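We did not get these values from a lab; they are worked out from the coordinates using the rules stated. Nothing here was measured: the structure is a model prediction, and the numbers come from that model. Cβ sites come from the backbone with ideal geometry, for glycine too, and all protein chains shown count toward neighbours.
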Amino acid sequence: MNTMKVVAHRGYAAKYLENTLEALSEAVKAGATMVEFDVQFTKDLTPIMLHDDNFKRTMGLDLSVFEITQRELQGKVELKQISEVEEVVVWLKANPGVKAFVELKQESIDMHGLEVCVNALRESCDPALDQCVFISFNPDSVKNAQECGFKETGWVVLTYDEVGEKISEELSPDYLFADTEILPNDGSKLWEGIWEWVIYEVTSLEVASRLFERGVKIIESKEVEKMLS
């Protein structure tokens with residue numbers, strides 16, 4: 001769809017291992033100018049690109065991210081595809097036309113503390129801060145990110161109701177993310193504000209078209225080529 005922008009969800013995750021530099025690079029090769037990746041923190045507070053708080057699902061190693069240090073991570077062959085956020089930032093700087101939505105996961109917030117994680121992530125993103133958008137399901141972390149210097153932020157809406165709308169208005173983020181599953185099925189326009197909507201996980205051009213009619217200009221998908229066609 002030429003009228004709809006596409007965020008590569010965890011990179012080109014439909015064809016490549018999610019949250020890897022390969023998945024991000026292949027998404028860009030396929031035409032994406034926006035990517036999303038997840039961030040967890042190791043035992044010694046090194047931010048890495050990872051969705052779960054355990055390496056088992058993606059890397060086959062049953063190990064908690066909170067039980068390994070940066071040095072130990074670098075020494076494990078099984079985790080050779082795991083990248084630190086600082087490495088991703090180097091990649092971003094080499095791809096100046098790419099915007100990255102950087103999602104801080106709740107498990108790391110619970111383990112290390114909200115301000116500690118947000119500040120550490122802000123520091124790691126600093127060399128490419130203009131290309132990084134901080135996002136999270138946690139509204140307090142979004143507020144903290146705004147206060148600590150992230151230039152753009154996004155909140156992942158938990159519930160499409162009055163509570164969710166009130167939080168959105170209070171945060172006034174640059175982007176609101178929402179799962180297609182939580183949206184009402186009445187075809188109505190979505191909440192209006194200073195934000196842009198980003199709806200995930202969209203793998204159907206028909207669904208994307210219907211969302212566009214509701215005012216959505218950005219979708220998030222692991223099916224990068226298909227949704228850019």
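For the pair Ser209 and Gln81, how long in nm is the line joining their label points, each one 7 Å along Cα→Cβ?
Result: 3.5 nm between the two label points.
If you restrict to DSSP beta bridges whose two residues both lie in the chain, what percentage is antiparallel, to the nearest 5? List each step's numbers first, then the result.
Details: 5 of 36 bridges.
Antiparallel bridges: around 15 percent, rounded to the nearest 5.
Where does the charge balance sit around Pro127 when Lys and Arg score +1, Asp and Glu -1, over other residues with C-beta under 14 Å from its C-beta? Mind showing how you got there, number by number?
On the way: positive: Lys93, Arg122, Lys151; negative: Glu84, Glu86, Glu87, Glu123, Asp126, Asp130.
Taking every other residue near Pro127 into account, the sum is -3.
Under 8 Å for C-alpha pairs, at least 6 residues apart: give me the relative contact order for the stretch 5-228, rounded to a whole percent. Kindly include the intermediate steps, with their values, before the conclusion.
Numbers: 441 pairs, mean separation 44.2, N = 224.
Once divided by the residue count of the stretch 5-228, the mean separation gives 20 percent.
Given Cβ point charges of +1 (Lys, Arg) and -1 (Asp, Glu) and nothing else, what value in debye, to the nearest 20, does the dipole of the chain about its Cα centre take?
Details: 23 positive and 42 negative charges, 156 e Å.
Around 740 debye, computed over the chain.
Kindly state, to the nearest 0.05, the FRET efficiency for Thr3 paired with Ala94, given R0 = 35 Å and r defined as their beta-carbon distance.
On the way: r = 29 Å, r/R0 = 0.83.
Efficiency at R0 = 35 Å is approximately 0.75.
Beta carbons within 10 angstrom, averaged per residue: use that to sort the peptides 179-191, 97-109, highest first.
Numbers: 179-191: 11.9, 97-109: 21.1.
Per-residue mean Cβ counts within 10 Å order the peptides as 97-109, 179-191.
Using a 7 Å offset from the Cα along the Cα-to-Cβ direction at both Ser172 and Gln74, what is the distance between the two label points in nm, to one decimal?
Result: 4.3 nm between the two label points.
When the Cα centres of the stretch 151-216 and the stretch 11-65 are compared, how far apart do they sit, in Å?
After rounding, the separation between the Cα centres reads 24 Å.
Stretched out fully, how many nm does the piece from Asp130 to Asp52 gain, at 0.36 nm a residue minus the Cα gap? Could the numbers behind the result be given before it?
On the way: separation 78, 0.36 × 78 = 28.08 nm, distance 2.65 nm.
Answer, rounded to one decimal: 25.4 nm.
Between beta-carbons, use under 14 Å as the cut-off and find the net charge around Ala27, counting Lys and Arg +1, Asp and Glu -1.
That works out to 0.
Relative to the longest principal axis of the chain, what angle (0 to 90°, nearest 10) does the C-alpha long axis of helix 139-148 take?
70
Can you find, among Val39, Val118, Thr3, the residue farthest towards the positive end of the dipole of the chain? Put +1 on the C-beta of Lys and Arg, -1 on that of Asp and Glu.
Thr3
In sequence order, what are the phi-derived ³J(HN,Hα) couplings for the stretch 100-112 according to the Karplus relation 6.51 cos²θ - 1.76 cosθ + 1.60 with θ = phi - 60°, rounded to whole Hz, with x for glycine and proline?
Per residue, the Karplus-derived 3J(HN,Hα) values read 10, 8, 9, 9, 7, 8, 5, 4, 6, 4, 5, 6, 10 Hz.
Starting with the highest mean, order 210-220, 131-141, 53-63 by the number of other Cβ atoms within 10 Å, averaged over the residues of each peptide. All intermediate terms of the calculation are to be shown ahead of the outcome.
Numbers: 210-220: 17.5, 131-141: 22.5, 53-63: 15.1.
My ranking of the peptides, most packed first, is 131-141, 210-220, 53-63.
Can you tell me how the stretch 30-146 classifies by the Cα gyration tensor, rounded, prolate or oblate, using a/c under 1.5 as the rounded cut? Before the final figure, lay out each step's value.
On the way: a/c = 1.74, a/b = 1.19, b/c = 1.46.
Oblate.
Around Leu61, which amide H atoms from residues at least 5 apart in sequence, or from another chain, sit under 5 Å from its own amide H, with H modelled in the peptide plane?
Those qualifying (amide H under 5 Å, at least 5 residues apart or on another chain) are Lys56.
For the chain, what Kirkwood radius comes out of the mean inverse Cα-Cα distance, in Å? Intermediate values should be presented prior to the final figure.
Details: mean 1/r = 0.0562 Å⁻¹.
One over the average 1/r among Cα pairs gives 17.8 Å for the chain.
If you stretched the chain out fully between Lys189 and Asn119, how much longer would it get, using 0.36 nm times the residue separation minus the C-alpha to C-alpha distance?
Details: separation 70, 0.36 × 70 = 25.20 nm, distance 3.54 nm.
In short, 21.7 nm is gained.
So what's the angle, to the nearest 10 degrees on a 0 to 90 scale, between helix 114-125 and the longest Cα principal axis of the chain?
90
Give me, ordered by chain and number, the residues 5 or more places off Val198 or on other chains with an amide H under 5 Å from its own placed amide H.
Long-range HN contacts for Val198: Leu176, Phe177, Ala178.
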